[in-house]
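Notes to accompany the following structure.
The values are calculated or read from the model by the stated rules, or taken from the named source; none is laboratory data. All of these numbers come straight from a predicted model, not from anything done at the bench. Reconstructed Cβ throughout: ideal geometry from the backbone, glycine too, with neighbour counts over all protein chains shown. Please note that ligands, DNA and RNA were not included when accessible areas were found on the heavy atoms of the full protein model with its side chains. Shrake-Rupley method; radii C 1.70, N 1.55, O 1.52, S 1.80 Å.
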Amino acid sequence: MSVLSVLIASFYFFYFALIGVHIIFIPKILSQVGFEPSAIGVIFASAPLVRFAIPFLFLKGFRLSQKTFFTALSLMAFGAIGFYPALEHFWPLLGMNVLFGIGIALILPYIEVIALEHIGKERYGKIRLFGSIGFIAIALILVNYLTTPYIGIGFLIAMALSTLMFGALIGLKEGNIPSNECGASDEACRFSIKKHIPLWIGFFLMQVSFGPFYNFFTIYTTDHGVSLEMTVWLWSFGVIAEIMMFYFQGKLLMRNLHALLWITAFITALRWLLVAIFPSSLMVLFASQTLHAFSFALFHTAAISVLFSLYHARRLSQQFFFGISYGLGGFVGALGAGIVYQYAPSYLFVAGAVAALGAAVAFWINNKPKKMLVVDNQ
């Protein structure tokens, strides 16, 4: 393995370990220090909203340069450090999470370009796998040390600084990478979501359905008597299922990709219903986590493959996919989940199931008039 490969693998490890702390533990920590579910929802909705806005900057001539990358790294680290003094104060914490979200949204695309250009798509999956390992590792480690909320914040800061370090080393080694993003005046960028409105509605609703899971799953399970340690194992089990699907999904992707979208969305609706109906059953919860292989891994690959086939402005279409789904969908999902869990907690994952079912219907409508779409093997 080359030096650059080691640096990128290390970056992925700490970046996704950072995401793991933020997703798994920070909601529970905020609950412990006295934040209501609606306030937690607002705080966690802020970063996805930023992620939604960023792709529009690329239409206005924004470039993901080395300078932008280092600025994003600094914002991410500063936002994470700011969690410590701001932890018990809503508005300062919201501001720190916005800065954190801006950094997180920009640094990964920069590294992804370097990884694909220098490692190649054939080896990319094996390097990206270190991210999943980091996510699981931090979950299994932190759960044994989380005796006070500030210990969790300390882990968040440590992972952010480690991400900053390896990101900076990669940035310094590579310098300014060639920018292939196009501006608003470029012909290749002239694409419109209007031609495929049901598809984009499906992307949006699919991520809305994940709002209860990404923002309240830890709180939800522990409120129903599942220990924090076992909840961490549930998170880890889902990631393992995701990894397995990424390795063995090749043959499935040779089928109708549009059909895969509505099938995986429907499976996701069933997944959230299982969590809603059996919140205290470990057997059912673990079974629901195996479906993460479909609702995330297979869905994600099918989605980006569909966009790759539909649009000539491929980089921009991917940016808008993340912006509309993980950005706008994540914002609405987090905000909505917070409101539902505060006023009707038993319906939290029912709401998620309804959103996923809506996504399945949208994808089905989008699929009806289309011929089979197959990934090019070449």
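Quick look at the values:
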item: The listed residue being small (Gly, Ala, Ser) and within 26 Å of Phe90 (Cβ to Cβ), out of Ser38, Ser5; result: Ser38
item: Single condition Leu64 does not satisfy, out of (1) hydrophobic (A, V, I, L, M, F, W, C); (2) free of Cβ contacts under 8 Å to residues at least 60 places away in the same chain; (3) not in a helix (DSSP H, G or I); result: (2)
item: Qualifying residue in segment 269-280 (condition: out of contact with any strand residue (DSSP E or B) (no Cβ under 9 Å at 6 or more places or on another chain), over 28 Å from Thr222 (Cα atoms) and without any contact (Cβ under 8 Å) to a residue 40 or more places away in the chain); result: no
item: Candidate set from segment 67-89 (those that are in contact (Cβ under 8 Å) with a residue 60 or more places away in the chain and either in contact with a Lys or Arg (Cβ under 9 Å, 6 or more places away or on another chain) or open to solvent by 50 Å² or more (accessible area, probe 1.4 Å) (or both)); member that is nearest to Ile114 (Cα to Cα); result: Phe70
item: Residue satisfying condition, being without any contact (Cβ under 8 Å) to a residue 60 or more places away in the chain, within 26 Å of Met230 (Cα to Cα) and either part of a helix (DSSP H, G or I) or open to solvent by 40 Å² or more (accessible area, probe 1.4 Å) (or both), within set Gly95, Gly34; result: Gly34
item: Hey, Gly323 under 27 Å from Arg128 (Cα atoms), assigned to a helix (DSSP H, G or I) and under 20 Å from the mean Cα position of the chain (by Cα) or not; result: yes
item: Evaluation of His312 against (1) part of a helix (DSSP H, G or I); (2) surrounded by fewer than 22 Cβ atoms within 10 Å (Cβ to Cβ); (3) modelled with pLDDT under 95 (one fails), failing number; result: (1)
item: Segment 218-230: number of residues that are touching a helix residue (DSSP H, G or I) at 6+ places or on another chain (Cβ under 8 Å) and in contact (Cβ under 8 Å) with a residue 60 or more places away in the chain; result: 7
item: Enumeration of residues in segment 98-111 that are over 21 Å from Leu30 (Cα atoms) and open to solvent by 40 Å² or more (accessible area, probe 1.4 Å); result: Pro109
item: Which numbered condition Ala344 misses (of (1) of a type in the set (A, V, I, L, M); (2) touching a residue at least 40 places away in the same chain (Cβ under 8 Å); (3) open to solvent by 10 Å² or more (accessible area, probe 1.4 Å)); result: (2)
item: Filter result (modelled with pLDDT of 90 or more, in contact with a Gly (Cβ under 9 Å, 6 or more places away or on another chain) and β-branched (Val, Ile, Thr)) within segment 20-56; result: Val21, Ile26, Ile29, Ile40, Val42, Ile43
item: Subset tally (residues that are open to solvent by 30 Å² or more (accessible area, probe 1.4 Å) and over 26 Å from Ile201 (Cα atoms)) for segment 271-309; result: 8
item: Residue among Ala105, Ala139 that alone is assigned to a helix (DSSP H, G or I) and either touching a Phe, Trp or Tyr at 6+ places or on another chain (Cβ under 6 Å) or without any contact (Cβ under 8 Å) to a residue 24 or more places away in the chain (or both); result: Ala139
